[in-house]
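K.L.:
Provided herewith is a single structure, encoded as structure tokens, for subsequent inquiry.
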Amino acid sequence: MPVTIFPKYDSDKIAVSFTGNSFRILLDLAKKYKLSFKERWRGLENVWIGHRSKMKRFLEEVNESVESVNIEAISKYLESKPETRFERNPLDRSLLLSDPLGNFQIDGIKNGISQNRLLYRWDMGTGKTFTSVSVINHLFNEGKIDRLLIVAPSESVLNFERELIRFSPFFTEEDIYIADRKNRHPFESGCKVVIMTYRTFVMLCDDAWKAKNPNVKKKPKSFQKELLSIGNWGSSRAIILDESHLIKNPKSKTANCLHLHKHYFEYRYELSGTPAPKGWEDYYSQIKFLDESVIDYEYYDWLNEIAVLGNKFSNYAIREYKQDRVNDFLSEMTPWVHTIRSEDVLDLPELSINEIWVTPSSKHMNLYQRFVDATIQKLREDNDGQLKPHMVREKLPYLSLAIDDPTLIDTENLVGSVVKLVNNWKFTDHSNLEPCTSALESYIEYQGQKTILWSGHPRTLDRLAQYYAKYNPIVIHGEVDNDDRDGLLTEFRTRKDRPLLLASYKVLHRAVNIVEATRNIYWDRSWDYENWSQSIKRTHRHGQKNRVIISPLILSDTLSVAIKYNLEGKKLIDRLDFNKDSLSKDHYKKLFTGRIDG
């Protein structure tokens, strides 16, 4: 029986056309393997389309049931071609712009420059960012790539930008394009690096689909073909997926969009401390993104290989894993996964400061600047045109309200235009909400860690409690007495359904042990170093057996940056020469934008 076979471009599916008199038997077998049928396709009749693994089994059964098909002649189409290259490339230590934490980072860099596909399954705090940037340095230095795309959760975007500039000799701020709602044409730019969130990547795909389908109102849940013109952006590209477990669901639109465009990137790297937060099945999409050949099955076929499926709720629910098959799979994917456990390479418990840099929205920045300018102008008017340093110091906590929570600002002494801005402000307008939400999802939902969200303002904590009601949070601030506080802390420590504690660092920074929590997010921070240092010690102390992560939200180009420097002991205020009789505009501008050399 003659057979014609067509591999589909950049896909794990193939199309097969038969001619002969056994159509009914073929149709029954095709239904068995769930192949799609087209009466006519590319000028041919009776065409079946399906995944390689299904097509292979289908053709083998055709060979047994109908008549001879030369499987060997078409076998090259039935096997996925490996995409990964393993090479011997030397490490150039001059391209490491920081001292490695240990030999494990050196080994990780060597692995990254010796193969073009790799998942760094490293615990947080082990230096995945430095390692991945060092790999990129080698690729740029050797001319293997000229463009880099980084896709990351929102709280990591600015941090990745800062680390690229810090750890690479190839990039300055001008070389980096941050794609977002306002900057929607990254691949038309001449920038070497594009950084965006996963949501932004989907948004760009939606934009491209709308442009190609202007008269269709309803967007599809998933796309069938590539949409973005990434091929016009440079000649050779690398992609880094930070927190790659965010594409773990192969049926999600996020995974769909990235998989459709992955062929543009010869070099693909993934970073995740928790690549399989819910189960072994979470590896499927991430490994397929790296190299199609590693798992030559469709998702549910592969799932059936490693697990027993089906319960009273779903035919596809995992009842139990086939541990021997799981072990086989883990062994097979070893060349594509570099694993580091923090307890193997670091002294524990470790304290990691994972800063989340936030870009203020235009509405937030406008309110902040107008509020600061109005307050400074009032200070000048009250002091015969001079700006007394001690008065600015005294006003800093008040001025910080514009970044902490503008709803707390008292408008009584403000001029009309600023009053209007404050009165029109809603708590849901705050720039911190999206990155804070992303961090909470990562810490609580993906990692299963109890988390403390800190603020110094009781009303802010109450608003956050309403906003994050789905976590059934416990709130402790100045209006809670000691007896109630102890009871609430016991609930937080012992109840799995209450994973989030909203706490005041002014109230809960002394005489309490909360080692059940391993994650801390700071919505805001005060200028008081004691509040900062002591509140950290509530979770990072004797009895803590796990690594503690501290994630302060830092609003860029605001007093939030100045607070950061102050708490790090860099004494930004003193370096701005607050001993002067009167501060110049240049002095206070540096303070309020957090910009200072060194």
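K.L.:
Loop only per DSSP, at most 10 neighbouring Cβ atoms within 10 Å: give me the chymotrypsin sites (Phe, Trp or Tyr not before Pro) in the range 388-484, ordered by residue number.
P.N.:
Values: sites: Tyr398, Trp425, Phe427, Tyr443, Tyr446, Trp454, Tyr467, Tyr468, Tyr471; in loops: Trp425, Tyr468.
The qualifying sites: there are none.
K.L.:
How many percent of Cα pairs in the chain exceed 44 Å? Display every interim value, and only then the final one.
P.N.:
On the way: 52552 of 178503 pairs.
Cα-Cα pairs in the chain separated by more than 44 Å: 29 percent.
K.L.:
Remind me, relative contact order of the chain in percent, using alpha carbon pairs under 8 angstrom and six or more residues apart? It would help to have the intermediate numbers written out before the result.
P.N.:
Working: 950 pairs, mean separation 67.4, N = 598.
Here the relative contact order equals 11 percent.
K.L.:
Hey, another quick one. How much length is gained if the chain between Ser293 and Ile353 is pulled fully straight, taking 0.36 nm per residue apart and subtracting their Cα-Cα distance, in nm to one decimal?
P.N.:
Taking Ser293 through Ile353 to full extension adds about 17.8 nm, to one decimal.
K.L.:
A further question follows. Under the rule a/c < 1.5 gives rounded, and otherwise a/b versus b/c splits prolate from oblate, where does the range 76-190 land using the Cα gyration tensor? Let's see the in-between values first.
P.N.:
Values: a/c = 1.59, a/b = 1.13, b/c = 1.40.
It comes out oblate by the Cα gyration axes.
K.L.:
Applying the Karplus parametrisation 6.51 cos²θ - 1.76 cosθ + 1.60 with θ = phi - 60° to the phi angles of the range 226-234, what ³J(HN,Hα) value in whole Hz is obtained for each residue in order, glycine and proline being reported as x?
P.N.:
Along the range 226-234, the couplings run 4, 10, 8, 8, 5, x, 8, 9, x Hz.
K.L.:
Between Lys545 and Asp328, what FRET efficiency comes out of the Förster formula 1/(1 + (r/R0)^6) with R0 = 30 Å and r the beta carbon distance, rounded to 0.05?
P.N.:
Values: r = 32 Å, r/R0 = 1.08.
Computed FRET efficiency for Asp328 and Lys545 comes out at 0.40.
K.L.:
What number comes out for the charge environment of Asn513, summing +1 per Lys or Arg and -1 per Asp or Glu over other residues with Cβ under 10 Å away?
P.N.:
On the way: positive: Arg493, Lys537, Arg538, Arg541; negative: Glu516.
It works out to a net charge of +3.
Only the coordinates and a few stated rules stand behind these numbers; no lab work does. On a predicted model such as this, the values are computed, not experimentally measured, just so you know. Positions of Cβ are backbone-derived with ideal geometry, glycine not excepted, and every protein chain shown enters the neighbour counts.
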